[in-house]
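Since the structure comes first, as structure tokens, the remarks are kept for the end.
Bear in mind that the values in this text are calculations on the coordinates, not laboratory data. Everything quoted here is computed from the prediction, not taken from an experiment. As a convention, Cβ positions derive from the backbone with ideal geometry for all residues, glycine included, and neighbour counts pool all protein chains shown.
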Amino acid sequence: MSAKGELSARAEGGVTGARGPDAIHPVARLPEEWQAVVAALGERPYRAGQIFRAIHGRGVLEPEQMTDLSAPLRARLAESGFTAPARVAHVHRAADGTRKLVLELAGGARVECVLIPMTDAAEVDADVGAAVDDEDDAEPEGDEPRRRVTLCVSTQFGCAMGCVFCASGQAGLIRGLGAAEIVSQVLIAKQHLELGEYLRNLVFMGMGEPLHHYEETARAIRLITHPDGLNMGPRRITVSTVGLSPGIRRLGEDFAGKVGLAISLHAPDEATRGRIIPINRRYPLGELIEALRRYPLPRRRRITIEYTLIDGVNDSPEQARALVRTLRGLRVKVNLIAMNAIGASQLRAPPPARVEQFRAVLTDSGLSCFLRTRRGDDVSAACGQLALSGDLVRRRGD
Ligand code: SF4
């Protein structure tokens with residue numbers, strides 16, 4: 001798929017589009033859309049709220065298990081084609097507690113979502129997930145301290161952006177996910193929380209470019225933040241983008257800047273960025289920085305800048321200084337991560353001393369900068385490794 005027309009991109013897999021409520025996957029329907037559906041079934045309006053709460057509040061993805069509904073209504077929902085949008089194919093557990101869930105979707109597509117528990121050693125990753133600063137940071141009520149978990153979800157099967165350091169980008173785009181498939185990752189992941197854990201942050205940082213698939217991403221956010229459902233605060237959600245500036249503007253307008261923003265920047269200048277992130281030629285760095293300046297960021301919030309250090313490509317002290325200049329005047333924090341190896345790629349991480357040198361330039365300039373630890377390396381769950389490369393490559397050849 002070409003980058004052209006990405007903000008209105010539609011694909012298979014239950015994407016919502018501009019259709020009537022009965023044509024929207026049940027898991028992607030908002031309460032007001034359920035109202036229309038239950039009215040058409042001759043049911044009382046309160047049934048709409050019951051069904052929405054069953055799906056999004058209790059995570060029930062099969063009508064037969066909605067035991068507070070009448071048996072005839074459950075049967076009619078099942079007859080209408082209400083099936084779970086995803087099922088767990090595999091769970092891989094890394095030594096550091098990270099769990100990667102491989103989910104099978106309609107048509108045999110497979111995507112991954114990753115549960116990342118926040119250990120003390122991983123606090124820098126908590127920072128990645130949250131784009132949250134200090135306020136309103138209370139833990140849930142209860143006697144026992146509880147462990148925060150960040151969930152990373154995918155929005156596409158493959159990705160059209162082609163970033164050179166990313167396994168998903170190398171595989172290309174197969175299809176976008178419907179909002180039902182995106183939300184199901186959250187509902188299913190909640191069932192895989194372990195004792196003492198709670199889902200605190202959600203990052204759209206898995207396979208795919210969320211703003212290349214804007215309608216379904218935005219609908220998923222509306223569902224996830226709905227008070228009758230998962231009721232996640234928008235400030236607990238971070239959308240990570242490679243820099244589609246029209247999508248950034250739209251996200252800022254639609255959610256009043258409350259949804260956190262992470263930018264995969266990875267280069268301080270147009271030329272370097274164009275080499276490693278092809279979409280930069282369509283949405284240049286200058287335009288991206290301008291979109292960030294205009295993002296309606298709430299007080300005390302910052303935009304997260306992701307910068308993957310690649311040996312000999314973007315890791316020199318001069319480039320660190322250029323990055324400082326590019327980010328001047330923006331409310332940001334920078335997450336540095338040494339590149340994860342992918343496949344047969346020649347690209348690799350810089351030596352640790354060079355990483356430290358780069359970081360020192362940023363911190364000496366007053367930039368807030370974190371060196372991210374790699375999580376889940378042993379299950380290929382770290383950033384840029386979220387492609388099921390064999391599966392994707394096979395499908396590309398279909
Ligand atoms: S880094 Fe993100 S935008 Fe770039 S190819 Fe990978 S998934 Fe797509």
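See the values below:
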read-out: Fewest-first sequence of VAL38, VAL149 by Cβ atoms within 10 Å of each Cβ; value: VAL38, VAL149
read-out: Computed label-point distance, nm, for sites ARG294 and GLU62 using a 7 Å Cα→Cβ extension; value: 4.9 nm
read-out: Sparsely packed trypsin sites (Lys or Arg not before Pro) within the range 311-367, loop by DSSP, other Cβ within 10 Å at most 13; value: ARG328
read-out: Gap separating the Cα centres of the range 154-219 and the range 25-70, nearest whole Å; value: 24 Å
read-out: 5 angstrom amide H check on LEU309, placed H, neighbours 5+ away; value: ILE337, ALA338, MET339
read-out: Computed lengthening from VAL91 to ASP364, 0.36 nm per intervening residue step minus Cα-Cα distance; value: 94.1 nm
read-out: Cut-off under 5 Å, modelled amide H: who pairs with ILE174 long-range; value: PHE157, GLY158, CYS159
read-out: Ratio of the Cα radius of gyration of the range 15-80 to 2.2 N^0.38 Å, where N counts its residues; value: 1.01
read-out: For the range 152-164, 3J(HN,Hα) per residue [Karplus equation, 6.51 cos²θ - 1.76 cosθ + 1.60, θ = phi - 60°, Hz, x = Gly/Pro]; value: 9, 10, 9, 10, 9, 9, x, 7, 8, 7, x, 4, 5
read-out: Those GluC sites (Glu not before Pro) in the range 186-291 that DSSP places in a loop and that have at most 12 other beta carbons within 10 Å; value: GLU194
read-out: Binned Cα-Cα distance frequencies in the range 304-360 - 10 Å width, integer %; value: 23, 53, 21, 3
read-out: ILE305, ILE24 arranged by Cβ crowding within 10 Å, fewest neighbours leading; value: ILE24, ILE305
read-out: LEU347 versus ALA23: modelled label distance in nm, points set 7 Å from Cα along the beta carbon direction; value: 3.9 nm
read-out: Residue order, fewest to most beta carbons within 10 Å, for HIS213, HIS92; value: HIS92, HIS213
